Structure formats: C-alpha cells, structure tokens
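Peer 1: One structure, as structure tokens, below. Some questions next.
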Amino acid sequence: MWLQTRCELKFIIDVPTPFVLMLRPRSGAQQWVANEEYLLNPTVPAYEFTDDFGNLCQRLVAPVGHFSVNTSARIKASDTVDQRPGGEFIEIQNLPDDVFKYLLPSRYCESDRFGDMATEITYGQWPGYDQVAMIERWLHDNVPFQPGTSTVPLSAIEVNLQQSGVCRDLAHLGIALCRSLSIPARMVVGYLYGLQPMEMHAWFEAYVAGRWYTFDATQIRKNGGYVSIGYGRDAADVAVYNQFGPAVFPIEQYVSVDRV
C-alpha cells in the first residue's frame, strides 16, 4: 500500500538548544521511500549522520523562540506482515555479528531477570518463531495496551509489575522475554496506518529463521501498514528527538498516516 506520513513538532525555546532528531524513514526490505520533505522553521544549519543502528539522525541547534519541525514522506509499505510459524531458532554461534547486541540486557529490557517467566509462557512451543508468537499473544491477553498512561519509558520489570502500558512499554517486556530465551529482539519506532489514537508507534522484532519478523502485542491482528523510522535495543536508542540542556517539550505534536 502507498502511505503518506506526516509529523509536526512545535517547541518554544528559551535558550539555544542542541537537538538530535530521528524522523527520516529509510528504504529497506519492507518499505520504499518514494519522496519526502523535511522543513525546519526557522531554517537553521543541520547535518545528518547514521547512528550505530543504521538510523538516519539529524543534528542541529534550535534558536530561541518558536521552533518547529515538519516532515512528510510518501512510502510504499507492505500490505501484510510476514509470518513464519515453525521458523527455527538460530543457534548463538550462527547469528550474524550485527545481531549479537540484541541478545544482551539493556537499559529498559532487563532480560537477565525473565528466564523463568519466559520459559513458563512458552512451554511446549517449538524454539524460535512459535515462542515469540506465544510471548506476543501472552502480552496481548495479560498486559492491556492503554494509550496515554505512560509519559516516560518503563522498564520491562516495571511494566510486568504494572500489568499495563503504552506501546513502547509492551515492546520492552516482549523484548526482555525474547532475549531471556536467547532470541535476539529489537525495538522499532515509526508509524502504523489505522492506529487509534493516531500517534507515533512502537513494536518489536525478533530474529528467527534467518531474518527479522514483526511482533506487535497492541494489535488484535496485524494487517500491514507499518513504517519504520528507527531501530534500537530499547526506547533509549529510538527517541524521535533528544534535546540537551533545560528540558523542552513539544507544545504541539501532530501525526498522520493516510492511504494514497
């Protein structure tokens, strides 16, 4: 499907403030970026770099006063989400080098604390894809997706104690459970066509059967329309913006995903 994505962030800046933004999708196996527009108002010098996870990041200093970031892109996204029931577990010694970092505990995904729980949830499942699918199903059934209930990222331990959360929280717990079974898992942030309420979205991917597969416990069924912007170990790696100095929060944030 062809999608038009838009994101607008508006700030009031009190002192010149360094920003690192992550708002540009890149073409890959599951999406093709046909064209895009990226506007800064007022216009300021900015340069782009690729971070350690392959994400396109933009670095700038926002001036004092009103400052806004407007992005839009026309993207060919997959109509369906690939699935692989029975997909095999990849033994650690056979994993690609760039996948290893997604096996270890990280700031919000304390995978070394979830071994017994993950084993219990996935009991009787074939190692690999079927284990991750069971984790996704367990999250959907036991940890309600409640938009707007979490203003800061929660760790997997905190989400498990709270037993509810926003999309990134469910992704953190899913990632921790996967990694505790020695299945590489990573967080993805981006857009989802048809998401309600519409906002930036987060889900997770697991590496089984020789590639990454999408899992999203917030959705009853996955119908495609996912647009990825950033990949990382957890939310600390995939913030759509980081700013440094006195805290700055958007006075307005607008996100839309339309089929074209």
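Read-outs throughout are calculated quantities, based only on the coordinates presented, and are distinct from any laboratory measurement. Everything numeric in this text was worked out from a predicted model, so none of it was measured. Cβ sites come from the backbone with ideal geometry, for glycine too, and all protein chains shown count toward neighbours.
Peer 1: Once every DSSP H run of n ≥ 4 in the chain is given -39500 (n - 2.57) and the sum is divided by its residues, what mean residue ellipticity at 222 nm do you get, rounded to the nearest 500 deg cm²/dmol?
Peer 2: Using -39500 (n - 2.57) per qualifying helix, the result is -5000 deg cm²/dmol.
Peer 1: Right, next: Give the long-range amide H neighbours of His66: residues separated by 5 or more places, or on another chain, with amide H under 5 Å away, using H modelled in the peptide plane at 1.01 Å from N.
Peer 2: Those lying under 5 Å, H to H, from His66 are Ile13.
Peer 1: Taking amide H atoms as placed 1.01 Å from N in the peptide plane, list the residues 5 or more away in sequence, or in a different chain, whose amide H sits under 5 Å from that of Gly232.
Peer 2: The answer is Met187.
Peer 1: Hey, another quick one. Using only Cα atoms, find the angle between the long axis of helix 167-180 and the longest principal axis of the chain, and express it within 0 to 90 degrees, rounded to the nearest 10.
Peer 2: Once rounded, the angle reads 40 degrees.
Peer 1: If you don't mind, there's one more thing I want to ask. Toward the positive end of the charge dipole of the stretch 92-221, about the Cα centre and with charges on Cβ (Lys, Arg +1; Asp, Glu -1), which of Ala118, Leu192, Pro144 goes farthest?
Peer 2: Value computed over the given set: Leu192.
Peer 1: Enumerate by residue number the GluC sites (Glu not before Pro) in the stretch 32-114 meeting two conditions: DSSP loop (anything except H, G, I, E, B), and at most 15 other Cβ atoms within 10 Å of the site's Cβ.
Peer 2: Here the sparse-neighbourhood loop sites are Glu91.
Peer 1: Quick one: length gained pulling Asp52 to Arg107 fully straight, 0.36 nm per residue minus the C-alpha distance?
Peer 2: 18.2 nm
Peer 1: Also: Give me the base-10 log of I(q)/I(0) for the stretch 80-190 at each q in 0.12, 0.19, 0.23 Å⁻¹, Debye formula, one uniform scatterer per Cα, rounded to two decimals.
Peer 2: Cα-only, vacuum Debye calculation for the stretch 80-190: -0.40, -1.00, -1.38.
Peer 1: May I pose another question? For a protection proxy built on the mean count of beta-carbon atoms within 10 angstrom, sort 157-168, 224-235 highest first, please.
Peer 2: So the peptides 157-168, 224-235, ranked by packing, come out 224-235, 157-168.
Peer 1: If the cut-off is a Cα-Cα distance under 19 Å, which lysines reach Lys222, setting aside same-chain residues fewer than 8 apart in sequence?
Peer 2: Lys76
Peer 1: Between 0 and 90 degrees, rounded to the nearest ten: what's the tilt of helix 129-142 against the longest Cα principal axis of the chain?
Peer 2: 70
Peer 1: While we're here: Setting aside same-chain residues fewer than 8 positions from Lys101, which aspartates and glutamates have a Cα under 12 Å from its Cα?
Peer 2: Straight-distance partners of Lys101: Asp52, Asp234.
Peer 1: If you don't mind, another one. Within a 10 angstrom radius of the beta carbon, how do Ile220, Ile75, Ile13, Ile175 rank from fewest other beta carbons to most?
Peer 2: Ile220, Ile13, Ile75, Ile175
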